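Let me begin by presenting the structure, written as structure tokens, before commenting on it.
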Amino acid sequence: MAADSEPESEVFEITDFTTASEWERFISKIEEVLNDWKLIGVSSGRPLEKGVFTTGTWEEKSDEISFADFKFSVTHHYLVQELSDKDGKEELGEDALPLPMQDLLCMNNDFPPRAHCLVRWYGLREFVVIAPAANNDAVVSESKCNLLLSSISIALGNTGCQVPLFVQIHQKWRRMYVGECQGPGVRTDFEMVHLRKVPSQYTHLSGLLDIFKTKIGCPLTPLPPVSMAIRLTYVLQDWQQYFWPQQPPDIDALVGGEVGGLEFGKLPFGACEDPISELHLATTWPHLAEGIIVDNDVYSDLDPLQAPQWSVRVRKADNPQCLLGDFLTEFFKLCRRKESTDEILGRPAFEEEGREVADITHALSKLTEPAPVPIPKLSVTNMVHSAKKKIRKHRGVDESPLNNDVLNTILLFLFPDAADKLADGFENRASTSAGNNPPPENEDYNLFSQFKSAPSDSLTYKLALCLCMINFYHGGVKGVAHLWQEFVLEMRYRWENNYLIPGLANGSPDLRCCLLHQKLQMLNCCIERKKARDEGKRGSVSDRSPGGASGDGAKGGDHSGDNPDKEKEFGKSWESWSDSEEEYFECLSDTEDLKGNGQENGKKGAKEGSKEAVNLKPEGRLHPHGKLMLLHPGEPLYVPITQEPAPMTEDLLEEQSEVLAKLGTSAEGAHLRARMQSACLLSDMESFKAANPGCCLEDFVRWYSPRDYIEEEVVDEKGNKVIKGELSARMKIPSNMWVEAWETAKPVPARRQKRLFDDTREAEKVLHYLAVQKPADLARHLLPCIIHAAVLKVKDEEALEDISSVKKIIKQIISHSSKVLRFPSPEDKKLEEIIAQIMSVEAIIARARSLKAKFGVEKCENEEEKEDLQRFVNSLLEQPEVSVVGAGRGPAGSIIHKLFVNAQRVPAVPPLEEELRRSGSQEERRQGVQSEFPPPTGREVILRTSVPRPAPYSKALPQRMYSVLTREDFRLAGAFSADTTFF
């Protein structure tokens with residue numbers, strides 16, 4: 001048994017060589033990706049057109065593969081081109097080179113201003129890059145690099161793909177790539193050298209030619225000619241001869257109060273520093289044959305003034321400081337402040353100091369309580385002024401955030417009607433400051449409705465601009481709190497003294513504007529009604545009927561029933577408010593005995609109604625209707641004087657809708673909701689009954705809602721056609737809202753009714769709302785106005801420069817802002833995006849002005865040259881690189897030459913070490929124009945030829961080497977092709 005068990009205990013290890021290794025799986029994945037992207041087979045396409053690398057569209061696809069646990073990203077970069085004709089493939093013979101190899105010799109797109117680095121180095125229109133997926137990963141060891149290179153070589157051979165495949169090696173910042181391209185019987189190897197220190201023998205053209213010829217190792221003699229393209233780049237950093245034209249604001253004038261109102265109504269604009277930091281001049285020799293020029297360590301023929309092609313690009317300053325952008329940014333920071341006005345100013349705005357100064361809130365509460373004392377005798381105004389004095393007493397002149405001169409200048413700008421201090425001036429002030437003339441109907445003016453801000457000529461808009469300037473120039477948030485406190489006191493003063501607020505349109509609050517503007521309009525409505533009531537009291541005139549209004553009430557056409565509110569307006573007049581201050585309170589005893597009469601008139605027939613009418617005296621008539629007669633008494637129907645509906649701001653409308661919604665859908669809730677909404681209807685019914693004694697519900701409906709009174713022709717007993725009318729079906733529904741309101745309505749004229757709009761209470765609510773606003777709340781309210789003003793400012797500035805790209809951005813800003821600002825409490829991130837867009841436009845316009853100043857566009861006397869320079873400047877702003885017409889001999893070229901010449905002359909005598917270093921510079925010694933142009937910052941050379949490799953009888957294939965030399969960087973990128981059939 002033991003002997004039999006011994007063989008079973010031995011373990012035989014079997015190696016399965018059919019199982020794919022990790023390397024084979026990696027190659028298979030590469031092939032799979034190439035198949036998925038349809039990169040297999042012969043590549044075809046048209047020859048590249050000039051400039052297509054810059055003007056064309058580049059796209060890319062990405063995928064991820066892994067070698068064991070090491071992940072790689074595979075990216076396909078390609079230029080989008082129209083599909084070639086079928087003839088294109090037929091033209092490709094068996095000996096045709098793959099498209100990438102043809103691109104190596106193409107000279108139409110050397111030195112593209114904006115492209116992938118491999119496109120610039122090799123001139124390829126399509127390629128695939130395999131790179132480590134993680135940014136911090138790198139393929140450093142030589143063995144791993146060779147393994148990856150072998151992988152792509154096998155994958156290309158297996159698939160027949162003719163698109164070049166690159167592998168990124170070393171750290172990503174070095175941009176090191178090696179790659180391969182395969183075709184039928186040909187192969188191109190892409191190699192690269194990257195050094196920090198530049199070998200001296202390769203700083204000139206002759207040294208580069210030597211290394212290129214050595215690398216291709218052509219066995220033929222003489223060697224086929226080498227084609228060269230050379231670019232030298234010069235950088236201009238010194239703009240001292242061309243000062244930045246932006247004038248800084250005169251801070252002293254602002255502080256001294258000498259600035260006029262126009263300055264406070266405008267936002268500043270422009271960059272505080274030069275937004276153009278550098279000018280890069282590229283001088284190019286596009287097609288040179290070997291031996292035409294000399295460029296070695298002793299002498300150089302490469303004179304930039306003689307270069308056939310010049311191109312210019314500008315380097316823009318990173319985030320240049322701009323005035324408008326700073327204003328917007330600082331104002332937006334206010335929105336994040338948490339302090340209240342009292343906390344910012346150091347102590348409460350109102351304090352109790354003994355009995356002689358009562359608490360202002362107690363005084364204000366007396367306004368809303370019935371009292372025999374007339375309102376003008378209350379000491380509210382005195383208390384406000386004493387409180388104001390007390391504020392200034394606690395806060396000394398030195399402690400005041402705002403200088404008195406600045407404060408007075410701003411207040412006069414906001415309230416121009418306050419300049420006249422005489423008594424008759426105040427009368428004019430009260431009568432002429434009620435809003436503005438009809439606004440101009442243009443796109444810029446109506447921008448406020450899109451931004452939900454305020455009209456550009458309104459008080460709210462001006463206040464926003466003043467607060468923005470105060471925040472930036474005069475004490476920041478403390479100055480804002482101080483000015484707001486003075487503004488609120490001015491609002492209360494105007495309410496108490498019946499002075500209308502200037503800069504606000506007449507009428508109800510405009511719901512298209514911001515809430516703060518609506519509140520100020522509401523306060524103006526209150527002042528207007530209080531003023532009209534007080535004037536009626538002084539004049540002792542009641543039931544006044546203005547002339548020229550006859551016939552206006554005859555609006556009872558078939559179409560007018562659609563809008564009862566519109567019909568009501570014809571009967572309203574605040575000229576006839578009561579001549580007694582006490583008459584507007586809730587209910588008066590002299591109307592109690594009329595209650596029964598009013599109710600009975602709604603129920604009784606024609607005879608009883610006519611009897612009651614004899615005992616009632618008509619009151620509150622505006623004018624005869626003109627067309628309608630009362631049905632039963634047969635007397636003319638009079639349009640009554642009615643109350644206007646209460647104006648509402650959007651927050652009050654929201655509160656009202658919430659209250660109505662909370663009543664629910666039950667029958668009781670619906671009934672209560674209807675009663676709440678019928679207050680205006682009840683008031684109009686009472687006015688109608690007072691003006692037309694003996695009337696009935698049908699009479700009221702005929703005037704108020706003609707569509708609810710249906711008339712038709714019928715034949716009476718005598719055979720005559722007569723018109724008979726009756727109420728509509730909805731009016732006949734038992735216990736409907738109209739019938740109930742008519743039955744409860746008393747014949748009370750509007751002057752003795754309970755006010756639908758309690759202006760005293762609403763004014764106090766508005767004033768309280770204003771007083772409790774924190775600077776952050778205020779900034780939130782006014783930010784739409786500031787953005788509105790900034791957009792208008794940018795549009796005005798752009799109109800002077802006429803930059804097409806800026807016009808497009810401004811349209812985008814308006815569209816974006818209208819979407820964001822339309823809703824309450826927009827997100828901070830979206831607001832920051834809008835401000836950033838405005839700042840970018842300001843920077844673009846500032847760059848345009850900087851370039852105009854530097855190129856002397858305005859000083860140019862020749863109109864044709866001036867237009868050329870203007871187009872050149874606009875192109876510099878919109879394009880990555882602009883060709884200079886005429887190179888160094890054209891108008892723009894001569895100006896650029898002068899800029900470099902002046903920059904070379906400006907520097908003072910350099911230190912000794914610097915002088916020695918400069919005198920020892922090979923570049924300086926070789927150049928004969930070192931006094932006019934500095935040493936080139938970058939030297940780029942492209943060498944091309946087509947030679948047989950590796951044997952003399954091999955096929956002639958394209959060879960290419962790109963070289964770039966900067967102060968601290970040297971790179972050689974070579975593409976060397978070889979014949980794999982005849983070698």
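Coordinate-derived values only; no laboratory data. Being a predicted model, the structure only gives us computed values, none of them experimental. Here the Cβ is made from the backbone with ideal geometry for all residues, glycine too, and neighbour counts use every protein chain on show.
For the range 771-827, the gyration tensor built on C-alpha atoms gives an oblate shape. Its axis ratio a/c (a ≥ b ≥ c) is at least 1.5, and a/b is not larger than b/c. For I276, the residues 5 or more places off, or on other chains, whose built amide H falls under 5 Å of its own are A317.
Derived scalar couplings between HN and Hα for the range 947-962 equal 9, x, 9, x, 10, x, 8, 6, 6, 6, 10, x, 10, 8, 9, 10 Hz in order, rounded to whole Hz, by the Karplus curve 6.51 cos²θ - 1.76 cosθ + 1.60 (θ = phi - 60°), x for Gly and Pro. Residues whose amide H lies under 5 Å from that of V186, counting only those 5 or more places away or on a different chain, are T980; hydrogens are built 1.01 Å from N in the peptide plane.
The Rg/Rh ratio of the range 937-983, with both radii computed over alpha carbons and Rh defined as the Kirkwood radius, is 1.18.
If you look at the Cα atoms of the range 89-171, you get an Rg and a Dmax of 15.3, 47 Å. Building the convex hull from the alpha-carbon atoms of the range 759-916 and averaging its projection over directions returns 17.3 nm². Taking amide hydrogens as placed 1.01 Å from N in the peptide plane, the amide H of T937 sits under 5 Å from those of T233, Y234, V235, each at least 5 positions away in sequence or on another chain. Each label was represented as a point 7 Å from its Cα along the Cα-to-Cβ direction; for H816 and Q321 these points are 2.5 nm apart. For K215 and T981, the FRET efficiency from 1/(1 + (r/R0)^6), where r spans their Cβ atoms and R0 equals 22 Å, is about 0.50. Greater than 24 Å separation of Cα atoms is the criterion. Which listed pairs, K316/K807; K689/K718; K50/K859, meet it? Beyond 24 Å: K689/K718; K50/K859. Projecting the alpha carbon convex hull of the range 742-809 along each direction and taking the average yields 10.4 nm².
Counting other Cβ atoms within 10 Å of each Cβ, which trypsin sites (Lys or Arg not before Pro) in the range 784-864 have at most 11 and sit in a DSSP loop? Sites meeting the loop and neighbour criteria: K859. Based on the Cβ-Cβ distance from F823 to W37, what FRET efficiency comes out when R0 is 35 Å, to the nearest 0.05? That gives a FRET efficiency of 0.20.
Computed on the range 674-764, the Cα convex hull volume stands at 121 Å³ per residue.
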